[in-house]
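Everything on this sheet refers to the single structure shown next.
The values are calculated or read from the model by the stated rules, or taken from the named source; none is laboratory data. These figures come from a predicted structure and were not determined experimentally. A quick note on method: Cβ atoms are made from the backbone with ideal geometry, for glycine too, and the neighbour counts reach across all protein chains shown. Accessible surface areas use protein heavy atoms only, side chains included; no ligands, DNA or RNA. Shrake-Rupley method; radii C 1.70, N 1.55, O 1.52, S 1.80 Å.
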Amino acid sequence: DAKTTQPNSMESNEEEPVHLPCNHSTISGTDYIHWYRQLPSQGPEYVIHGLTSNVNNRMASLAIAEDRKSSTLILHRATLRDAAVYYCILRIYNQGGKLIFGQGTELSVKP
Amino acid sequence: NAGVTQTPKFRVLKTGQSMTLLCAQDMNHEYMYWYRQDPGMGLRLIHYSVGEGTTAKGEVPDGYNVSRLKKQNFLLGLESAAPSQTSVYFCASQHRGGTYEQYFGPGTRLTVT
């Protein structure tokens, strides 16, 4: 299965933008890029996903490189509630929607 | 809607005992999944199901069995628990189309002594 690489941890200040990077150099043309986050002691929750174009929703933006070998999750104004582990995941086309999680990036937000 | 619920929330087993974890969803989702999460690690897929009566193996299926007799329920069984199966277990469900967003339950914390 295609793999993703993320920094183990990142720090941010409250109310500042956060850019969380992800490398996926072995991505194939039909793999979707998904981001989930996991707050302490909770199950993961969906953040955003995309295929080729940049995507925006109420939680975040996803910027995808032109060659699709990397992507960046953008939180426009970090809040203390955004402190979580963020997972960048490739969803392989036509495999029952299964997700293969990596280690993720632990984001801490300072007041 | 309750979303995805898991029973029980906590359980302690002795080595060799068996148990079944129940996952239920009320969103009429076709796909359901069982994951485990060990301390400091990401989730690993155990088994999954793309419809009633069908199951498939994930990354770490050994030592587990599953059944999907009803669309809304997905059961995870441990026939003979081992200390290596101490973990937090998460269930998730997903609609077949649309955004492919998986909805996760709150988890079951299992300790095998």
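Couple of notes before you dig in:
- Accessible-area composition of the range A:1-68, carbon plus sulfur, in percent [1.4 Å probe]: 44
- Under conditions of 4 °C and 1.567 mPa s, the range B:1-60 yields 96 µm² s⁻¹ as its translational diffusion coefficient, taking Rh as the Kirkwood radius over Cα pairs in the Stokes-Einstein equation.
- Shielding score for A:90-102, defined as the mean number of other chain Cβ atoms within 10 Å: 6
- Relative to the 2.2 N^0.38 Å rule of thumb, the protein assembly as shown has a C-alpha radius of gyration ratio of 1.02.
- Calculated SAXS-style log₁₀ I(q)/I(0) at q = 0.26, 0.28 Å⁻¹ - the range A:42-101, Debye, Cα scatterers: -1.30, -1.38
- Rolling a 1.4 Å probe across the protein heavy atoms gives the range B:26-113 an accessible surface of 44 Å² per residue.
- Of the trypsin sites (Lys or Arg not before Pro) found in the range B:1-90, those in coil by DSSP whose Cβ has at most 14 other Cβ atoms within 10 Å are B:Lys9, B:Lys14, B:Lys70.
- The residues of chain A expose, per residue, 51 Å² of accessible area to a 1.4 Å probe.
- Of the trypsin sites (Lys or Arg not before Pro) found in the range A:18-103, the ones in coil according to DSSP and having at most 16 other Cβ atoms within 10 Å of their Cβ are A:Arg58, A:Lys69, A:Arg77.
- Cα convex hull of chain B, projected area averaged across orientations, nm²: 6.6
- Convex hull per residue volume in Å³, alpha carbons only, for chain A: 94
- The range A:24-63 - Debye-derived log10 I(q)/I(0), Cα point model, q = 0.15, 0.18, 0.25 Å⁻¹: -0.43, -0.58, -0.89
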